[in-house]
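The values are calculated or read from the model by the stated rules, or taken from the named source; none is laboratory data. Values in this document were obtained by computation on a predicted structure and should not be read as measured data. FYI the Cβ positions are ideal-geometry reconstructions off the backbone, even for glycines, and counts take in every protein chain you see. Just the protein is used for accessible areas: all its heavy atoms, side chains included, with ligands, DNA and RNA removed. Shrake-Rupley method; radii C 1.70, N 1.55, O 1.52, S 1.80 Å.
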Amino acid sequence: NELLVLNKQKKDLYDAIDPNGILKVDLVLLKKAADIIRKPKSPLKTAEIDAAETYGGGIFKAIDNAIEAQAKGDRSSYKDLIDLRANVNDSIGQAYKNNSTGAAKNLEKIRSTIDQYTENLASFNQGQKIVPEGFASIPSGSAEAALKANDFYKNIYAPKFKEGLGGKWAD
């Protein structure tokens with residue numbers, strides 16, 4: 001029950017960042033991460049890339065489609081990015097479940113890049129009016145909502161979740 005309550009709080013906080021889907025993102029950071037994963041620097045990495053494609057094929061396709069749409073002027077919203085993050089989490093879980101650690105670690109790079117968008121947004125200093133990397137403009141309140149969501153995630157949700165993984169909640 002405690003985990004369900006924390007999940008709801010976390011979801012509500014992240015939903016508050018872009019409740020109407022108007023916070024537009026520039027997907028260059030995400031494209032760079034996907035390209036690094038899909039273009040191995042050595043033949044030994046090819047098997048990891050194939051595994052990442054097996055578990056994250058839909059994710060890579062979604063990224064490619066969004067990049068293509070962005071090139072035509074149709075930017076994705078932050079909300080779309082967070083929805084993609086949920087899919088990435090599912091794929092990481094499947095990869096670990098099937099002992100495909102290499103694929104999971106590569107997909108974690110995609111997740112951490114999505115998290116970087118939130119970090120960039122949370123660090124936005126409105127006084128400087130410098131739009132953080134990955135964004136076109138910042139609607140009022142989005143940066144503050146990102147700061148609150150990140151704070152909750154790092155200081156309340158993640159420690160409780162890790163504690164739960166240790167079996168304390170199960171007891």
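Laid out as a table, the results:
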read-out: Neighbourhood charge, 13 Å Cβ-Cβ cut-off, centred on V5 and excluding it, Lys, Arg +1 and Asp, Glu -1; value: +2
read-out: Residue-normalised accessible area of the stretch 78-156, expressed per residue, 1.4 Å probe, Å²; value: 53
read-out: Relative contact order [Cα under 8 Å, 6+ residues apart], the chain, whole percent; value: 33
read-out: Matching label, Kirkwood radius over Cα pairs in Å computed from the structure shown, candidates (1) 19.1; (2) 18.5; (3) 17.2; value: (3)
read-out: Hz values of 3J(HN,Hα) by residue in the stretch 60-71 - Karplus curve (6.51, -1.76, 1.60), Gly and Pro given as x; value: 4, 5, 4, 5, 4, 5, 5, 5, 4, 5, 4, 4
read-out: In nm, spacing of pseudo-spin labels at L4 and Q94 (7 Å Cα→C-beta vector); value: 2.7
read-out: Local electrostatic count at V25 - Lys and Arg +1, Asp and Glu -1, tallied over other residues with Cβ under 11 Å; value: -1
read-out: The stretch 68-109 - convex hull of the alpha-carbon atoms, volume per residue in Å³; value: 71
read-out: Dipole-positive endmost among N87, Y153, A104 within the chain (Cβ charges, Cα centre); value: A104
read-out: Amide proton proximity set for S76, modelled H, under 5 Å, gap of 5+; value: V25
read-out: Among K79, K105, K24: highest mean-square fluctuation, GNM of the chain, C-alpha pairs under 10 Å; value: K105
read-out: Net dipole in debye of the stretch 4-66 [+1 Lys, Arg Cβ; -1 Asp, Glu Cβ; about Cα centre; nearest 20]; value: 140
read-out: Table column - 3J(HN,Hα) (Hz), the stretch 105-116, Karplus curve with 6.51, -1.76, 1.60, x for Gly and Pro; value: 5, 5, 5, 5, 5, 5, 4, 5, 5, 4, 4, 5
read-out: Nonlocal amide H pairs with F135, under 5 Å, H built at 1.01 Å; value: D26
